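Trainee: The structure is given below, and queries will be raised subsequently.
The values are calculated or read from the model by the stated rules, or taken from the named source; none is laboratory data. Just so we're clear, the structure is a prediction, and the values are computed from it rather than from any experiment. We place every Cβ from the backbone using ideal geometry, glycine too, and count neighbours over all the protein chains shown.
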Amino acid sequence: MKHVVTFVAVILFPLLFWNCASTISLTSNINDFVMMGIKTNTNAKVDFQYSSKVQDGEVKPFSKDKQDQVSGTGYNLDEPSSFKNMISEYMSDKFPNIVQSGSTKINVTLEDFFIEQYSEESTGKKVLTALFGGENNYILVAEVKVLVTVNHNGQESSKIITGKSEDRYIQGVGTGTSTSNLYRGNNSIENVHASNINKANNKVLMLLNSYFQELGL
């Protein structure tokens, strides 16, 4: 009987997070460090285009180092749209003269986006927590990859830019514990993911800003 209970706990434990697809509400906020680092270029007339190889919709988390996808339903989110809002705001602040016939052409493509969600705790610890309550620590990761292509003064250059962010989520199980995110009144796992994704997006903008400075823009 004991083995049956343990087996059921191991099977049901991953479902604690994903009984159905929950929604991650993303923000398009550009942080102060990015805004303060923008050096406005009023001289260049820029033809800017944005595209995405990623679609809005359900995203399933991966395990550590993107080895495989975590079983169960994922999250509904709109990263391509959210990043589009951020890159559009950034570009309009950086280059006030954005026109379709601009001599400087800049293309930004959202090449890849994924999240990771995994625990570094042992299986035994997870089973005990599922049966008797306690805490499980989860590592959450967000990674955003874009391709930037610039044609300026007759020269074309391109670069892959990657933004990554990592945070920790503490899950309280059963009666809960004093340090878990839930019982401390901290953010839900969806909110921690959302914050992580926004940080990764902002890192992309910071690296993009540095790239433009290297190109004399």
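Trainee: If you scan segment 74-125, which residues turn out to be without any contact (Cβ under 8 Å) to a residue 12 or more places away in the chain and within 23 Å of Leu207 (Cα to Cα)?
Mentor: Ser92
Trainee: Right, something else. Here is a check on your reading of the model: is Lys145 out of contact with any helix residue (DSSP H, G or I) (no Cβ under 9 Å at 6 or more places or on another chain), at pLDDT 90 or above and closer than 23 Å to Ser25 by Cα?
Mentor: It is false that Lys145 is out of contact with any helix residue (DSSP H, G or I) (no Cβ under 9 Å at 6 or more places or on another chain), at pLDDT 90 or above and closer than 23 Å to Ser25 by Cα.
Trainee: Select from segment 66-84 the residues that are among the hydroxyl-bearing types (Ser, Thr, Tyr) and surrounded by fewer than 19 Cβ atoms within 10 Å (Cβ to Cβ) and list them in ascending order.
Mentor: Selection gives Ser71, Thr73, Ser81.
Trainee: Quick one: count up the residues across segment 17-65 that are of a type in the set (Val, Ile, Thr), in contact (Cβ under 8 Å) with a residue 60 or more places away in the chain and either surrounded by fewer than 17 Cβ atoms within 10 Å (Cβ to Cβ) or under 30 Å from His152 (Cα atoms) (or both).
Mentor: 6
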